Amino acid sequence: MTENYETKPGVKIPARENSLPKRFYKEVSIAEAEGGYAVLLDGRPVKSPAKQGLTLPTRAMAELVAGEWAAQGERIDAPAMPATRLCFVAIDLIPGARDATIAEVTKYASTDLVCFRAPEPPELAAAQAASWDPVIAWARSALDAHFVPAPGVMPIDQDPVALQRVMQRAGACDNWRLTTLAHVTAVCGSALLGLALLDGEIDGDKAFVLSTLDEHFQISQWGEDHEATDRLARLRTELRVMHDVLRALDAAPAA
């Protein structure tokens, strides 16, 4: 229920929901369009912030985005529409920022989460090795990229060839997949987890577990913090949607 909060008599701060734009459409549908499928609101195509048409490359992707628009209530909550936001970035921003985005993914690989290991306590170090060593092994097998884990927080000089492999893999992505890869990489703090999700080696839930290993260890030791729990819940949802985006992109493309 939406409420207004009174700070002093006669002065009320509106709830967040009241600041959101009102829903201006009744029906959400999908139609074939040039180069893919368009999401329609009352028969009119959705436009990106840069006023470009929201045309998706597969029907599955269009259905995913359309589902977010259909799920909105009386007001439109854009932060609750991660697939739509991702598509806007892919359409409006990535075409002019591909090189910078690829470089950013590669930079994350040079300081990848799964390569930084806690020297203590032993339980955490063992959990990191058990969870993250398979990711490093996968990178060696799938990407021919040899990454080295090390204890502590000091920078690790990773093999330049390994970083080049990451750069090449990111550069081979189309704009949709590159956008998703960059987002997952930033969310997880790990290009290797982003690439593993991209290639279907892990799913969104596994990416969440692997990227929040340290946080969950701290929770097991010291108990839950409500703010941290809420943040982790949002992170899990975000990574699940990114998994759904990638699998939707892998579906049969538009004819």
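Just the residues that are free of Cβ contacts under 8 Å to residues at least 12 places away in the same chain and either under 18 Å from THR180 (Cβ atoms) or in contact with a helix residue (DSSP H, G or I) (Cβ under 7 Å, 6 or more places away or on another chain) (or both), please, taken from the range 104-140. Across the range 104-140, the qualifying residue is only LYS107. The criterion of at least 3 residues that are among the β-branched types (Val, Ile, Thr), assigned by TED's automatic domain parsing to the domain that holds ASP99 and in contact with a helix residue (DSSP H, G or I) (Cβ under 6 Å, 6 or more places away or on another chain) is met, among helices (runs of 4 or more DSSP H) falling completely within the range 141-255, by 175-188. Considering GLY204, GLY223, GLY189, GLY194, the condition of being modelled with pLDDT of 95 or more and surrounded by fewer than 17 Cβ atoms within 10 Å (Cβ to Cβ) is satisfied by GLY189 alone.
Quick one: would you say GLU104 is outside any loop (DSSP other than H, G, I, E, B), more than 18 Å from ALA186 (Cβ to Cβ) and charged (D, E, K, R)?
no
Among the residues of the range 99-133, those that are more than 18 Å from the chain's Cα centre (by Cα) and acidic (Asp, Glu) comprise ASP99, GLU120, GLU123, ASP133.
Answer with yes or no whether ALA118 is small (Gly, Ala, Ser) and modelled with pLDDT of 95 or more. Judged against the criteria, ALA118 is not a match. Among the residues of the range 107-126, those identified as crowded, with 17+ Cβ neighbours inside 10 Å and part of a helix (DSSP H, G or I) are TYR108, ALA109, SER110, LEU113, VAL114, CYS115, LEU124.
The values are calculated or read from the model by the stated rules, or taken from the named source; none is laboratory data. Only a predicted model underlies this, so the values are computations on that prediction, with no experimental measurement involved. Neighbour counts run over all protein chains shown; Cβ positions are idealised from the backbone, glycine included.
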